[in-house]
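What follows is a single structure, written as structure tokens, with notes after it.
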Amino acid sequence: MTLMLLGDSLSAGNLGIPYSRYLSFSADSRIANHGIDGDTLRGVLLRIENALNSDKPDAVLLGIGGNDILLPKMAARGGTWTAFVEEMIASGAVPTSDPEEFETLFARLIRVSADAKPERIIVTTIPPLGENLESPWNRLRENLNRRIRRVAAAAGKDENPAVRLADTANAFEEVLRQRTVRSDWFFGDPKDFITDKRRMRREKGAVMLSEERGLYLTMDGVHFNERGAELFAGVVNKTFALRSG
């Protein structure tokens, strides 16, 4: 069986701990990872048909949307963020800031995936952007997640193959709400990505960064530590195990 991952840095696994490490499938399964750091919903739509045609997956996991919120907010900071976001956009990662348009494009993403006739399509919601659930970024995320859930529910009724929702956002929120103190720490400069990758290699990994910053599921507010990666994969594993119909 071939499972295709289509999404951003959370799927790519270059920053933090990859959730693919904890996916539970048969020994002869293959993961075709098409996650790209910084990608957006439009970016995935630009490349999904080529990816599907090249790998012909039995199952597709769609995980995208965080950067549609983050990139405009990063650009608004100015300074080094402006050049960083411009580079992302030039590569095809154009953010969709209008929620209604986002919903329309997400529905299209599922339809294109279904056209390749995989046995299963798994749709994930957007995990928290920073571990403070009350932040403005997370309020925007909640809006997009409502739309992702709605689109996935409609597709699950009408589309063939089976579309299933892995509500990863809900799982993360449940864990974070049980924390008496939630850190506001969030990466502050594009160089943080490079610095963190180096520190993970020479020190004690992602959990070390989490503890230093008062974080629990992520190492920088977005990218998973071991706890977060295992939690995300666990939701996917349970969803994948559900039978169609």
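Do we find a residue being at pLDDT below 90, surrounded by 16 or more Cβ atoms within 10 Å (Cβ to Cβ) and either in contact with a helix residue (DSSP H, G or I) (Cβ under 9 Å, 6 or more places away or on another chain) or more than 28 Å from SER97 (Cα to Cα) (or both) anywhere in the stretch 160-170?
Applying the first criterion (at pLDDT below 90) to the stretch 160-170 yields 160-162.
Filter once more, keeping what is surrounded by 16 or more Cβ atoms within 10 Å (Cβ to Cβ): 161-162.
With the extra rule that they be either in contact with a helix residue (DSSP H, G or I) (Cβ under 9 Å, 6 or more places away or on another chain) or more than 28 Å from SER97 (Cα to Cα) (or both), the set shrinks to 161-162.
Scanning the stretch 160-170, I find at least one residue that is at pLDDT below 90, surrounded by 16 or more Cβ atoms within 10 Å (Cβ to Cβ) and either in contact with a helix residue (DSSP H, G or I) (Cβ under 9 Å, 6 or more places away or on another chain) or more than 28 Å from SER97 (Cα to Cα) (or both), so the answer is yes.
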- prompt: Conditions: (1) surrounded by 13 or more Cβ atoms within 10 Å (Cβ to Cβ); (2) touching a residue at least 60 places away in the same chain (Cβ under 8 Å); (3) touching a Ser or Thr at 6+ places or on another chain (Cβ under 9 Å); (4) more than 18 Å from GLU134 (Cβ to Cβ). GLY205 meets all but one. Number of the miss?
  reply: (3)
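Would a scan of the stretch 117-129 turn up a residue that is over 30 Å from GLY188 (Cβ atoms), touching a residue at least 24 places away in the same chain (Cβ under 8 Å) and either open to solvent by 50 Å² or more (accessible area, probe 1.4 Å) or acidic (Asp, Glu) (or both)?
yes
Being more than 26 Å from ARG149 (Cβ to Cβ), of a type in the set (D, E, K, R) and either without any contact (Cβ under 8 Å) to a residue 24 or more places away in the chain or touching a Ser or Thr at 6+ places or on another chain (Cβ under 9 Å) (or both) narrows it down to one of ARG42, ARG77, so name that one. Don't jump to the end; show me each part of the working.
Working: ARG42 fails: more than 26 Å from ARG149 (Cβ to Cβ).
Answer to the selection: ARG77.
The values are calculated or read from the model by the stated rules, or taken from the named source; none is laboratory data. Keep in mind that what you see is a predicted model, and the values were worked out from it rather than measured. Reconstructed Cβ throughout: ideal geometry from the backbone, glycine too, with neighbour counts over all protein chains shown. Heads up: the accessible areas ignore ligands, DNA and RNA and are worked out on the full protein's heavy atoms, side chains in. Shrake-Rupley method; radii C 1.70, N 1.55, O 1.52, S 1.80 Å.
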